[in-house]
1. Which one of these is closer than 29 Å to Gln83 by Cα, modelled with pLDDT of 90 or more and within 16 Å of ligand 3 (Cβ to nearest atom): Ser102, Ser107?
2. What tally of residues in segment 67-108 results from selecting those that are more than 27 Å from Gly35 (Cβ to Cβ) and polar (S, T, N, Q)?
3. If you check Ser40, Ser86, which single one turns out to be surrounded by fewer than 16 Cβ atoms within 10 Å (Cβ to Cβ), more than 10 Å from ligand 1 (Cβ to nearest atom) and at pLDDT 95 or above?
4. Tell me whether segment 2-9 contains one or more residues that are free of Cβ contacts under 8 Å to residues at least 24 places away in the same chain, over 26 Å from Val199 (Cα atoms) and away from ligand 2 (no atom under 16 Å from the Cβ).
5. So which of Arg180, Arg162 is more than 16 Å from ligand 3 (Cβ to nearest atom), over 26 Å from Leu9 (Cα atoms) and surrounded by 12 or more Cβ atoms within 10 Å (Cβ to Cβ)?
6. Out of the residues in segment 43-68 meeting the condition of being open to solvent by 60 Å² or more (accessible area, probe 1.4 Å) and within 16 Å of ligand 3 (Cβ to nearest atom), tell me which one is nearest to Gly150 (Cα to Cα).
7. So which strands (runs of 3 or more DSSP E) are wholly in segment 91-191 and hold at least 3 residues that are within 19 Å of Asp45 (Cβ to Cβ)?
8. Six or more apart or on different chains, Cβ atoms under 8 Å: show the pairs whose first residue is in segment 154-177 and among the aromatic types (Phe, Trp, Tyr) and whose second is open to solvent by less than 10 Å² (accessible area, probe 1.4 Å) and assigned to a helix (DSSP H, G or I).
Amino acid sequence: MPPLSRGALIVIEGLDRAGKSTQHARLCQNLESQGRRVKSLRFPDRTTPIGKSIDAYLRGESQQEDHVIHLLFSANRWEAAGQIRSAIEEGFTVVIDRYHYSGIVYSAAKDKVDLSLKWARDPEIGLPRPDVCVFLDIAPEVAAKRGNFGREKYETSAMQKRVRELFYELMGTSDGLDIRVVDAGRSVEEVEQDIIERVNDVMEQPKMAKPLTA
Ligand code: DGP
Ligand code: NA
Ligand code: NA
């Protein structure tokens, strides 16, 4: 029997209210309609015990020290790492709404001296590495005008502005090599079409699922 070909690992990232959830769902549907087996995940996964603590924190119902919440977000990804790896090996295309990129930039955006991009990245080392990350780029002022902005912890204009700057800074590092920027300020359909085109090459030929390295 020929070896089972592995599936691709695709991540959708973006600022809050960039349209991530909508585009994540549409990408999953589009890939399924191409006949692919798709596994859809999102982080934070608010359903696990760790995820429930994160959810309470984001909704302002509990306090967490900045390093502690950082490690909880990372642990929430590690809880699913085995599942991601096996799904890819079984040939599923795994599509994730947020991943370690958010992990790194949202914490580093807090501008604490001892919470650098480097410190924030270390707990993510060893996670399955995505084939591609689509970054839905939107001006923070545009995102702020979309419905429900301001509901959760990080949804302030200052924070979103810093998060966007750090996403661009990350693109200048080895982690950023996988990131492709998509203009999310357009119609849902235009963005959807762009995303499909941007992931096409990795769907045809997924890279090796090497873990993130130090
Ligand atoms: P979402 O459910 O995609 O809107 O994400 C919830 C919020 O949590 C959003 O403001 C981004 C932030 N976030 C996601 N992942 C991480 C992470 O790993 N670390 C930190 N500090 N924030 C994160
Ligand atoms: Na959000
Ligand atoms: Na979302």
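The values are calculated or read from the model by the stated rules, or taken from the named source; none is laboratory data. As the structure is a prediction and not an experimental result, all values here were calculated from the model. Every residue, glycine among them, receives a Cβ derived from its backbone with ideal geometry; neighbour counts consider all protein chains shown. Remember, those area values only see protein heavy atoms, side chains included, never the ligands or the DNA or RNA. Shrake-Rupley method; radii C 1.70, N 1.55, O 1.52, S 1.80 Å.
1. Working: Ser107 fails: within 16 Å of ligand 3 (Cβ to nearest atom).
Exactly one of Ser102, Ser107 is closer than 29 Å to Gln83 by Cα, modelled with pLDDT of 90 or more and within 16 Å of ligand 3 (Cβ to nearest atom), namely Ser102.
2. The number of residues fulfilling the criteria is 4.
3. Exactly one residue qualifies, and that residue is Ser86.
4. No, that holds for no residue.
5. Step by step, each of Arg180, Arg162 is checked, and only Arg162 is more than 16 Å from ligand 3 (Cβ to nearest atom), over 26 Å from Leu9 (Cα atoms) and surrounded by 12 or more Cβ atoms within 10 Å (Cβ to Cβ).
6. Arg59
7. Because the criterion is at least 3 residues that are within 19 Å of Asp45 (Cβ to Cβ), the strands (runs of 3 or more DSSP E) in segment 91-191 that meet it are 93-97.
8. Tyr154/Gln160; Tyr154/Val163; Phe167/Tyr101; Phe167/Val105
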